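Comments concern the structure below.
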Amino acid sequence: MSTVNSETFFEMRGICKDYQMGEETMRVLRDIDLSLEEGEYLSVLGPSGSGKSTLMNIIGCLDTPTLGEYTLHGREVQELDEGELAHLRSREIGFIFQNSQLLPRLTALKNVELPLIYAGVPPRERRQRAKEMLVRVGLEDRMGHMPNQLSGGQQQRVAIARALVGNPSILLADEPTGALDQKTGAQIMTLFAELSAEGRTIIMITHDMKIASHARRVVHIIDGVITEGGGTEDA
Ligand SMILES: Nc1ncnc2c1ncn2[C@@H]1O[C@H](COP(=O)(O)OP(=O)(O)O)[C@@H](O)[C@H]1O
Ligand SMILES: [Mg+2]
């Protein structure tokens, strides 16, 4: 039987995640329903320990739920094995973390090329695409720099270029400004707003209400429970 449902872009139904701690089972995500349309800019806002990273790992196909259904671009994620998950992840998700997690011995350009190397894209094309992405994030004059020759904000821009270069259907960011000062963080939020205006689908996870308010839609997560947070359209 096919597990492809071409109608559904992103839908979670009754997602639960349990962790086993010795004898005890801890339910960290509780009955999460969440739908997203292509092109939406969503933020998930919640305090430390509320389950944000656990949810991100499931959204990003790094982990599977204990219960529930998750459909991403027509694929029923809970039915996939490790290899299929890795494949889906590499095609559909562009990850951005709090720390840019660049490889320290590679230039900005090589860092951005890396996902395309794994994807088997030929050298000339991948170099071209990586350059275009670095131009897009405003780093055309820093392509040959090593990560330690870049500011924190520039490193995060490289990470965003790397996340985008494979043309994923979702940009998934976990506290993307968490390691940056306020001004640099605001510049990264401006870049996200531009990417959203260009039609990118973005899910941004944060504990910071001010950061969350940059998204067009905010949901709250508290103790593993999601509630729709009312719009910020007029903010
Ligand atoms: N691998 C794990 N094993 C057991 N408990 C975990 C594991 N990962 C996270 N938790 C627990 O799940 C809860 C949510 O964690 P997390 O998703 O990292 O929250 P957040 O990202 O919102 O700070 C926390 O109470 C944390 O201790
Ligand atoms: Mg976290």
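The values are calculated or read from the model by the stated rules, or taken from the named source; none is laboratory data. Everything numeric here is computed off the predicted structure, so don't read it as measured data. Don't worry about glycine lacking a Cβ; one is built from the backbone with ideal geometry, like all the others, and counts go over all protein chains shown. Note: areas computed on protein heavy atoms with side chains; ligands, DNA, RNA excluded. Shrake-Rupley method; radii C 1.70, N 1.55, O 1.52, S 1.80 Å.
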With each run of n ≥ 4 DSSP H residues scored as -39500 (n - 2.57), what mean residue ellipticity at 222 nm is computed for the chain after dividing by its residue count and rounding to the nearest 500 deg cm²/dmol?
-10000 deg cm²/dmol
Three-way shape call for the stretch 128-235 based on the alpha-carbon gyration tensor, with the a/c threshold at 1.5:
prolate
Working out 0.36 nm times the residue gap between residue 128 and residue 86, then minus their Cα-Cα distance, what length gain in nm do you get to one decimal?
12.6 nm
Quick check for me: using +1 on Lys/Arg Cβ and -1 on Asp/Glu Cβ, what's the dipole size of the stretch 115-213 about its Cα centre, in debye to the nearest 20?
360 debye
Given the candidates 229, 167, 123, the one whose Cα lies deepest towards the positive end of the charge dipole of the chain, counting +1 at each Lys or Arg C-beta and -1 at each Asp or Glu C-beta, is 123
Using label points projected 7 Å from each Cα along Cα→Cβ, tell me how many nm separate residue 69 and residue 167, to one decimal.
3.0 nm
Residue separation times 0.36 nm, minus the C-alpha to C-alpha distance between residue 197 and residue 119: what's the value?
25.4 nm
With all protein chains present and a 1.4 Å probe, how do 91, 142 order by accessible area, largest first?
91, 142
Enumerate the aspartates and glutamates that residue 131 could reach by cross-link, defined here as Cα to Cα under 15 Å, with residues fewer than 8 away along the same chain left out.
113, 140, 141
Test item: Cα-centred dipole of the stretch 112-172, Lys/Arg +1 and Asp/Glu -1 on Cβ, debye:
60 debye
Carbon and sulfur atoms account, in whole percent of the 1.4 Å probe accessible area of the stretch 95-166, for 51 percent
Which of rounded, prolate or oblate describes the stretch 141-203 when judged by the alpha-carbon gyration tensor and an a/c cut-off of 1.5?
oblate
So, with +1 on the Cβ of K and R and -1 on the Cβ of D and E, and no other charges, what is the size of the charge dipole of the stretch 1-156 about its Cα centre, to the nearest 20 debye?
1040 debye
Would you please state which residues of the stretch 42-80 a label at residue 209 would reach in this model, taking the label point 7 Å out along Cα→Cβ and a backbone N cut-off of under 19 Å?
43-52
Share, in percent, of DSSP beta bridges within the chain that are antiparallel, nearest 5
55 percent
Give the residue from 28, 43, 101 lying farthest towards the positive end of the charge dipole for the stretch 1-146; charges sit on Cβ (+1 for Lys and Arg, -1 for Asp and Glu) and the dipole is referred to the Cα centre.
101
Counting only protein heavy atoms with a 1.4 Å probe and every protein chain in place, the carbon and sulfur fraction of the accessible surface of the stretch 6-93 in whole percent equals 42 percent
Can you give the FRET efficiency to the nearest 0.05 for residue 76 and residue 227, using r as the Cβ-Cβ distance and R₀ = 30 Å?
0.75
With the 1.4 Å probe rolled over protein heavy atoms, the stretch 57-116 has an accessible area per residue in Å² of 47 Å²
Cross-link candidates for residue 210: which lysines have Cα within less than 25 Å, leaving aside residues fewer than 8 places away along the same chain?
52, 183
